[in-house]
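K.L.:
The structure is given below, and queries will be raised subsequently.
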C-alpha cells in the first residue's frame, strides 16, 4: 500500500476540482491547472476531498497511485499559494538583472547570458545576487530554476556559481605545496 497515495487531497476554501475521465481540473484564486492521470488509477472528488485509488494490484498501478496523488496535491498547492524558488549568486562580478522579459546574467563568461523567461513564470532580481522565480506550475518553476542554475553550477573549491537558497556545497581543499 502506498503511504502517500492513501492520503486524500483536501481542497481549501476557494478551490474547486472537477474530474472528467482521467483528467482533473483544479481552479483556485491564482489560476487553473489540470493533470491527466494514467489508466492505472481512479480519481474521485467528494466533499472537498480528492481521492486517488489504484485499479488492480499491479506494480505499475501502485507506482502511479502515489505519483498521481502528489501531482494533484501540487496542483492544489500551485493554485492556492503558488510556487517559489530562490537562487543565490556567489562570485566576484557575478550578477543578475531583469530587462523586460529577459534575465541578464553576468557569470564570468566572455559574454553576458540572456535568459528568456517562459510564459507562466515570473522572474525577479531584487538584488544583483538574488533571483526569485514564481508561478503556479511546480514543474515549470523548478525547470526554469534548473535551467538558470545550469549556466554556472556552484564549484566545490571556491563555492562560486548559482545555487538554490539554503543549498549546501561540499567544499574541497585545494592542492598543497
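FYI, it's all coordinate maths here, none of it is from the lab. These numbers were taken from a predicted model, which means no experiment stands behind them. Positions of Cβ are backbone-derived with ideal geometry, glycine not excepted, and every protein chain shown enters the neighbour counts.
K.L.:
Can you tell me how many residues within the range 78-136 are crowded, with 16+ Cβ neighbours inside 10 Å and assigned to a loop (DSSP other than H, G, I, E, B)?
P.N.:
Here the count works out to 6.
K.L.:
Going by the structure shown, is residue 4 outside any loop (DSSP other than H, G, I, E, B) and surrounded by fewer than 19 Cβ atoms within 10 Å (Cβ to Cβ)? If you could, list the steps in order and put the result at the bottom.
P.N.:
Numbers: outside any loop (DSSP other than H, G, I, E, B): yes; surrounded by fewer than 19 Cβ atoms within 10 Å (Cβ to Cβ): yes.
Yes: the conditions hold for residue 4.
K.L.:
Also: Looking at (1) more than 30 Å from residue 129 (Cβ to Cβ); (2) surrounded by fewer than 18 Cβ atoms within 10 Å (Cβ to Cβ); (3) in contact with a strand residue (DSSP E or B) (Cβ under 9 Å, 6 or more places away or on another chain), which is the only condition residue 29 fails?
P.N.:
Answer for residue 29: the failing condition is (3).
K.L.:
Kindly provide the set of residues from the range 39-62 that are crowded, with 17+ Cβ neighbours inside 10 Å and assigned to a loop (DSSP other than H, G, I, E, B), ordered by number.
P.N.:
40
K.L.:
Filter the range 145-177 for residues that are in a helix (DSSP H, G or I) and either under 21 Å from residue 110 (Cα atoms) or touching a residue at least 40 places away in the same chain (Cβ under 8 Å) (or both) and give the result. Write out each step before concluding.
P.N.:
Keep residues of the range 145-177 that are in a helix (DSSP H, G or I), which gives 145-150.
Hits for the range 145-177 are 145, 147, 148, 149, 150.
K.L.:
Is it true that some residue in the range 26-37 is farther than 15 Å from residue 137 by Cα, touching a helix residue (DSSP H, G or I) at 6+ places or on another chain (Cβ under 9 Å) and not in a helix (DSSP H, G or I)? I'd like the intermediate steps shown before the answer.
P.N.:
Step one: of the range 26-37, the residues farther than 15 Å from residue 137 by Cα are 37.
With the extra rule that they be touching a helix residue (DSSP H, G or I) at 6+ places or on another chain (Cβ under 9 Å), the set shrinks to 37.
If we keep only those that are not in a helix (DSSP H, G or I) as well, we get 37.
Within the range 26-37, one or more residues are farther than 15 Å from residue 137 by Cα, touching a helix residue (DSSP H, G or I) at 6+ places or on another chain (Cβ under 9 Å) and not in a helix (DSSP H, G or I).
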